[in-house]
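See structure below.
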Amino acid sequence: MDFELRAAREKLERDQRERKERAKARLERERRAKAEAARQREAVEAAQRAKRLDAERARLEVDQQTEESLLLGKGILFSRILEALPYNGYGDKIKLPSSCFTELSDQGALDKGPMYFRLSKIDDSGPPGSDATAKQECQTTHSGVLEFTAKEGSAELPPHVWSNLFAGDSPDVPLIKVHYVSLPKGTYAKLQPDGMGFSDIPNHKAVLETTLRRHATLSQGDIITVNYGELSYKLRILELKPASSVSVLDTDVEVDIEGSDSVLDSNKNQHVLMPLVLGKGESGIVEEGKFNYYKFSIDDAISEKVATGFMNIEVKIEADTSNADTNIYVSRHPLVFPTQHRHEWSSHEMGSKVLILKPKDPGLVAGTYSVGVFGFKGLAKYDISVAVKDNIRQRVGEHANSSSQVDADSVECQNCKHFISTRSIVIHEAYCIRHNVLCKHDGCGVVLRKEEAADHVHCGKCRQAFQQAEMEKHMKVFHEPLHCPCGVVLEKEEMIQHQSSNCPLRLITCRFCGDMVQAGNEPVDARDRLRGLSEHESICGSRTAPCDSCGRSVMLKEMDIHVIAVHQKS
């Protein structure tokens, strides 16, 4: 009996203990479930809170951007993402779709004067999380608008804008953000040429002014291209006032040009005028088909002596003709870089050569001269020097003309045709017939040593006399057909005349803008043809400027007529 009671008590205790353990486990599970539910509820609330904060932050950012856009655009809110397309134009004015014109005109942008836009490159190719702030700043520029004729969804950019936005980059689908802004009028700009040679251009600030006339805006860090004839110079914008981006329409901008960056001076394709000191030589090496350029100046004191004929300007080149040869071309400014077809003086002799510069107008001796050393054959090493020397020939010639007269008893030598005294004519003729021979070519009559006669030849086209070794170079330089870019094919002399007076691609200094530009064809207006204006001058002279006397706006090409007709000034 006791055994049964003890077994029943143990069973009861065991059941009670199991119930307690099950109750404890159930409570632990409920506690864990409540904790998990609390964590999930907190996570959901945190996510919802973060979402609300992001939405509020985005709304504030949009409101701030809208406020900034309205402030920058002075009440005009316009922003578009467009595909960039290049077009061949000048300056910084872009083309936009017609829908942009409608949106801008509806907001009254046309009443606020010229329209300016901030252009930003959109680059989504970078790695996630990368900092694109610096990249965004250096790939942002500003522009004006040329017309609203681009196709929908695209913006057409001229080379200036394209090169500043996509420098060294060619994306498959170039996207840009076009944002309307209002820019202050510029008052100051500091520029730096990317390379040497820009300061060698005569009146280079006037050339820069002509280029800036095609621009509506300037942005700090941009690079503008200045064209001077066939040459191009790049200038980086270092500083602008009163802001980092300004308008240059209808305003006077003070421009400072710093020296070029020495790091960028290694551009071998850019023409540079190396200075020459009178009386001091310089050494150089020129490749075949390439030019080396030099410059020197003549002051007023020396120019007076040269103009009177008592001194000569001599350009001397000493070179080895064994495997190479050079030509030399000289011009006065404003023709800065002489070529084979555009120059005032030239020498095509083989080997060393001395070129005496005799200005056609004695009053135009003083100034800056440019010397071009052209590599005619091979890799030529040379020494070049410029000197001003006494004209000994003229002084000796003057003395000879005043003192020497043909003697009355002189007779003509039958061989060399010179007048010799009768006392020595027999001895002279015996010696002359034995050693000398007269060139039989019509119009030549040069007396030659018999051993030199075989080397004396005449060109069959121009009849000039040369040595046999010089004939090949003469034929190649003077009589080889040359192709002008305008399509005309002429020999050298005719090509020089053509490119200096008739070629529509010839370079002239515009009398209105001071820039060296292509002349073009004859102007359409008959009055401009009578004035002797080129096609460029006819267009450039159509710009108006206020008269200094009456303030009336008058076309530049009619300003002289206006002054005479209205103000009776001769």
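In the context of the full set of protein chains, the chain has a per residue accessible area of 60 Å² (1.4 Å probe). Cα centroids of the range 30-45 and the range 475-547: 88 Å apart. Can you bin the range 410-458 into rounded, prolate or oblate? Criterion: square roots of the alpha carbon gyration tensor eigenvalues sorted a ≥ b ≥ c, rounded for a/c under 1.5, prolate for a/b above b/c, oblate for the rest. It is oblate, given that a/c is not under 1.5 and a/b is not larger than b/c. Using Cβ point charges alone (K and R +1, D and E -1), the dipole size of the chain about the Cα centre works out to roughly 1760 debye. Considering only Ala55, Ile76, Phe310, and ranking their Cα positions along the charge dipole of the chain that arises from unit charges at the beta-carbon of Lys, Arg, Asp and Glu, the one farthest toward the positive end is Ala55. Ordering 231-239, 17-25, 410-418 by mean Cβ neighbour count within 10 Å, with the highest value first, yields 231-239, 410-418, 17-25.
Cross-link partners for Lys234 among the lysines, with Cα-Cα distance under 30 Å and sequence neighbours closer than 8 places in the same chain left out: Lys93, Lys95, Lys121, Lys135, Lys177, Lys185, Lys190, Lys205, Lys268, Lys290, Lys295. Of the accessible area of the chain, computed with a 1.4 Å probe over protein heavy atoms only, carbon and sulfur atoms account for 51 percent. Extents of the range 504-567, taken as max minus min of Cα coordinates on every principal axis and listed largest first, are 38, 23, 13 Å. Entry for the range 413-570 at q = 0.12, 0.14, 0.15 Å⁻¹: log10 I(q)/I(0) = -0.73, -0.84, -0.90, Debye formula applied to identical alpha-carbon scatterers, no solvent contribution. Positive end of the dipole of the range 157-219 (Cβ unit charges, origin at the Cα centre): among Ala206, Val161, Gly195, the Cα lying farthest that way belongs to Ala206. Annotation: peptides 81-87, 440-446, ranked by per-residue average of other Cβ atoms within 10 Å with the highest first, follow the order 81-87, 440-446. Taking the alpha carbon gyration tensor of the chain, multiplying each eigenvalue by 5 and rooting it gives semi-axes of 84, 35, 20 Å, largest first. Straight-line reach from Lys34: taking Cα to Cα under 28 Å and skipping same-chain neighbours fewer than 8 places apart, the lysines in range are Lys20, Lys24, Lys51. Three semi-axes describe the equivalent ellipsoid of the range 188-257; taken as square roots of 5 times the Cα gyration tensor eigenvalues and ordered largest first, they are 20, 13, 10 Å.
The values are calculated or read from the model by the stated rules, or taken from the named source; none is laboratory data. On a predicted model such as this, the values are computed, not experimentally measured, just so you know. FYI the Cβ positions are ideal-geometry reconstructions off the backbone, even for glycines, and counts take in every protein chain you see. Just so you know, the surface numbers come from the protein's heavy atoms only, side chains and all, with ligands and any DNA or RNA stripped out. Shrake-Rupley method; radii C 1.70, N 1.55, O 1.52, S 1.80 Å.
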